[in-house]
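All of the numbers you see were taken from the coordinates with simple rules; none came from a lab. Just so it is clear, the model here is predicted, and its values are computed rather than measured. We place every Cβ from the backbone using ideal geometry, glycine too, and count neighbours over all the protein chains shown.
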2 protein chains.
Amino acid sequence: MYIEQLKNKLGSEKVSLEEKDLKQHSHDESPHEAIDPDVVCFPENRQDIKTILEIARTYKVPVTPYGIGSGLEGAAIPVHHGISINFNKMNQIIDFSPEDMTVTVQPGITRVQLNQFLKEYGLMFPIDPNIDASIGGMVATNASGTTGLRYGAMKDQILDLEIVLSDGTVIHTGTKAKKSSSGYLFTNLFVGSEGTLGIFTEITMKLYGIPEETVMARCTLDTLEVCAKASQIISLKGIPILRLELMDKESIVEMNRQNDYHFPEKHSLFLEFAGTKNAIIHDVELVKKLLHELGCEDWVVSRDPSEQQEIWRARKELSLAFVQEEGMDEVGADVCVPISRLPELLTYARQLIQETGLRGGVWGHVGDGNFHTLVLFDTRIKGEKELAESTNEALAKRAIEVGGTCTGEHGVGLGKIKYQEIEHGPAVRIMKGIKQLLDPTGILNPGKIF
Amino acid sequence: MYIEQLKNKLGSEKVSLEEKDLKQHSHDESPHEAIDPDVVCFPENRQDIKTILEIARTYKVPVTPYGIGSGLEGAAIPVHHGISINFNKMNQIIDFSPEDMTVTVQPGITRVQLNQFLKEYGLMFPIDPNIDASIGGMVATNASGTTGLRYGAMKDQILDLEIVLSDGTVIHTGTKAKKSSSGYLFTNLFVGSEGTLGIFTEITMKLYGIPEETVMARCTLDTLEVCAKASQIISLKGIPILRLELMDKESIVEMNRQNDYHFPEKHSLFLEFAGTKNAIIHDVELVKKLLHELGCEDWVVSRDPSEQQEIWRARKELSLAFVQEEGMDEVGADVCVPISRLPELLTYARQLIQETGLRGGVWGHVGDGNFHTLVLFDTRIKGEKELAESTNEALAKRAIEVGGTCTGEHGVGLGKIKYQEIEHGPAVRIMKGIKQLLDPTGILNPGKIF
């Protein structure tokens, strides 16, 4: 019945019941169980979103937004079926002001599409979650990634969101000015809300100049504690490094084994410097000196773009490297802790993996205290998935204990629901109150976050 | 009756009915009408705040937080009387982690007190609203000021707030980790909420390294449009300037007249560079070249700290300079617009003042599009105050029209209530819903923001 309504009001070309579409929208990149939506809609504009929500309200049908399906916590899985919204056709640049260094986009544009457009103006959008995600999805999960150390997370980029609320009201959360003290500052309430509070139709963001030059470096260090110390020291010195990524020995071994790389098989830091030529020379030398004082070995600097790309390809492929064997799957953690607690947490993570006897790696954006684990399990062996997941649970709880968070950048989705009370305590009641206020009928991505 | 309760439960030394205390808490630095509280409380800890709120709830008495009374929109004026909370005695540093570059403070500490403590560690808290405000007050108004260009506003500094809600629940809005995607990101909902959603008891903030060196410069330019262009160009080039302040000719004249300064009486930019020695030399030369291309004159660079202090003293004293004559008062605007609209808005502001025939100046933190006007009126001449205020109204409305905001940093308080619907439209309904959710009995600073 409601599907007929969708076809009538949107036009049947924007409504799909095809098996391949239902399957595509049933899952993301997480190991959470796939669940088909009843229907997939392909809206083209704000009015289409309003129409979808109107029908969803009338028939009390859940609505789940879907970017490119690269999420890692199941936020895009339509756990109560209903309508999946695909933003493919809402990928336009609505407004671009190079003088203001701002852009307004529809949520379906991906970050690579956006950066291709911006390039000729010498501008870029810097947040890089290590995949070509949609900007809408990145806002919805408060994504950050490898450049977070310098540029922060999505929440630090957004000036204004145009949002269709569940009752059909269209609101703006901000303005195009760089700052404001007017009203309540509630843009960030929607950043990271995973489609549970409203549907984005336009996103206005800050842009940045493309740095003059980029230099990469890598090195190895003896222990995970020393790797963490290195990131502490670099951050204390205020060196404006662009990326500072840790890969533990086990991750490097896996990387070399699956792809024909020959990185030294030790705990490694991959670094990227970006800025003016002069500043970079100075920063690279300073970091080299600091790292050598910590006993760093195998220091290699790469100024050649194609060599640089290879290093980052290796980093990007890391999580894939672990699961190329049939029957194997993975679970991953995403904790973020105060930098001062990083040495102990990294060591604890490594120890947890060792104790399971499973293969796994520890890596991450240690410059801002955010790191991941990846534990491989054999889907054919009973109990291995639970064993792998137990490492995540212990790590998430320890992270919260030391003043950190169960998710630095992946979001809550399905996988982190169980930590919400532990991390936020009585604040969860307020969060639920806000959800109730904005989505009284509960049609917006039900079953997520709480 | 409730005052007896306050004395019993807090101890009478924390409860004042003295005339001088009531008067002190009746006003801020704005021209809004002074209104006495019934009583002033001086809590010393979280429990005291809980006690005050419990009594306020029971007796349905309004509670208005008060920092140092330096607000410019009347947020601290207890318009419905009741309890004024003074945070003087809650000025402790609760936790300080130099490795994490974070600090947790009670709201009553002032930014100068905090920076005095941080100095020996080579660290600083950079937000500078041009007065020694309390950190709590700065959070409550989302203050920014002259360093906003580089460091952003208070909302960009806060990792976690401990808040006592109106029902006595104590919540934390974040963690001590640098980033998180857990729960709803609602720290910023409270930043700028002016005490209407809860009472801060602890504030955890980011810190920064003290720059190696500071260099100041000033110059004059022919028109306000060119001044705005200069700020556009500097921002486009990504030069990490610390302060970029405009003072129009009329402001400079006033400055020279009231204090024995001898600045060239033309539209002026005051600039401050901060960073490593090498980077600064490079940046100063680059900015000098850019400004000369725009026809800048009277370029003066100052490397001497005492000379620098004099320049900034002049800037700090500017608003006082205007009102040193008896019987005179002032009204000021605080708009922020996209940088691309700054040339027309600055010109419009100047023209509005001219049309009133009153004395007044235009200045501000033009690097981020935020500027102020100040219009002097004679309190003894009927209609002059209204005439002065009409410039504010026209300017605020124009700022909103061009995609900006009615208040860049002063907050809504009493003075900007009338623009909330114009600026935020249907979003105001959501903001009011959040207020209702968090303060159902309406005891928290009633009469502000909406």
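Figures for the structure shown
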{"read-out": "Approximate shape of the protein assembly as shown as ellipsoid semi-axes (Cα gyration tensor, √5λ), whole Å, largest first", "value": "44, 33, 28"}
{"read-out": "Among B:Thr347, B:Thr220, A:Ile163 the positive-end extreme of the charge dipole of the protein assembly as shown (Cβ point charges)", "value": "A:Ile163"}
{"read-out": "Cα-centre dipole for chain B with unit charges at Cβ (Lys and Arg positive, Asp and Glu negative), debye to 20", "value": "1120"}
{"read-out": "Helix B:305-322 axis, angle to chain B major axis (alpha carbon atoms, nearest 10°)", "value": "70"}
{"read-out": "Mean Cβ neighbour count within 10 Å, used as a protection proxy, ranking B:278-286, B:58-66 highest first", "value": "B:58-66, B:278-286"}
{"read-out": "Test item: Cα-centred dipole of the range A:1-103, Lys/Arg +1 and Asp/Glu -1 on Cβ, debye", "value": "440"}
{"read-out": "R0 of 22 Å, Cβ-Cβ distance A:Asp378-A:Gln324: FRET efficiency to nearest 0.05", "value": "0.95"}
{"read-out": "Degrees separating the helix B:384-401 axis from the principal Cα axis of chain B, which is the longest one", "value": "80"}
{"read-out": "Estimated 222 nm signal from helices in chain B, with DSSP H stretches of n ≥ 4 weighted -39500 (n - 2.57), rounded to 500", "value": "-10500 deg cm²/dmol"}
{"read-out": "Sequence-distant residues sharing a close amide H with A:Ile210 (under 5 Å, placed H)", "value": "A:Leu123, A:Met124"}
{"read-out": "Förster-model FRET efficiency, 30 Å R0, A:Gln351 and A:Lys418, C-beta, rounded to 0.05", "value": "0.85"}
{"read-out": "Anchor B:Lys418: lysines whose Cα lies under 25 Å away (excluding residues fewer than 8 positions away in-chain)", "value": "A:Lys176, A:Lys178, A:Lys179, B:Lys155, B:Lys382, B:Lys385, B:Lys397, B:Lys432, B:Lys435, B:Lys448"}
{"read-out": "Footprinting exposure proxy for A:Ser340, B:Ser12, A:Ser84 (fewest neighbouring C-beta atoms within 10 Å first)", "value": "B:Ser12, A:Ser340, A:Ser84"}
{"read-out": "Rg followed by Dmax, in Å, when chain A is reduced to its Cα trace", "value": "22.2, 70"}
{"read-out": "For a label point 7 Å along the Cα-to-beta-carbon line of A:Glu212, residues of the range A:262-279 with backbone N under 20 Å", "value": "A:272-279"}
{"read-out": "Residue mean of other protein chain beta carbons inside 10 Å, B:363-375", "value": "1"}
{"read-out": "Equivalent-ellipsoid semi-axes of the range A:336-450, from the Cα gyration tensor, Å, largest first", "value": "28, 19, 11"}
{"read-out": "Least to most buried among A:Met1, B:Met255, A:Met124, B:Met328 (fewest other Cβ within 10 Å first)", "value": "A:Met1, B:Met328, A:Met124, B:Met255"}
{"read-out": "Intensity falloff of the range B:346-385 expressed as log10 I(q)/I(0), Debye formula with alpha-carbon point scatterers, at q = 0.25, 0.27 Å⁻¹", "value": "-0.83, -0.90"}
{"read-out": "Estimated inter-spin distance, A:Glu307 and B:Thr58, nm [label 7 Å along Cα→Cβ]", "value": "7.4"}
{"read-out": "Point-charge dipole on Cβ atoms (K/R +1, D/E -1) for the protein assembly as shown, about Cα centre, debye to 20", "value": "920"}
{"read-out": "Dipole of the protein assembly as shown, positive direction: furthest Cα of B:His424, B:Ile83, A:Ile210, with charges on the beta-carbon", "value": "B:Ile83"}
{"read-out": "Per DSSP, loop trypsin sites (Lys or Arg not before Pro) in the range A:352-385 with at most 11 further Cβ within 10 Å", "value": "A:Arg380, A:Lys382"}
{"read-out": "Separation between Cα centres of the range B:281-323 and the range A:291-339, rounded to whole Å", "value": "46"}
{"read-out": "Kirkwood Rh in Å, taken over all unlike Cα pairs in the range A:191-311", "value": "16.3"}
{"read-out": "Cross-link reach list, lysines versus A:Lys14, counting only Cα pairs under 22 Å and skipping chain neighbours closer than eight places", "value": "A:Lys23, A:Lys50, A:Lys60, A:Lys89"}
{"read-out": "Alpha-carbon centroids, the range B:4-26 and the range B:136-215: separation in whole Å", "value": "29"}
{"read-out": "Other-copy label distances relative to B:Arg46, 7 angstrom Cα-Cβ extension, nm", "value": "4.3"}
{"read-out": "Nearest 10 degrees, 0 to 90: helix B:46-59 Cα axis against chain B principal axis", "value": "70"}
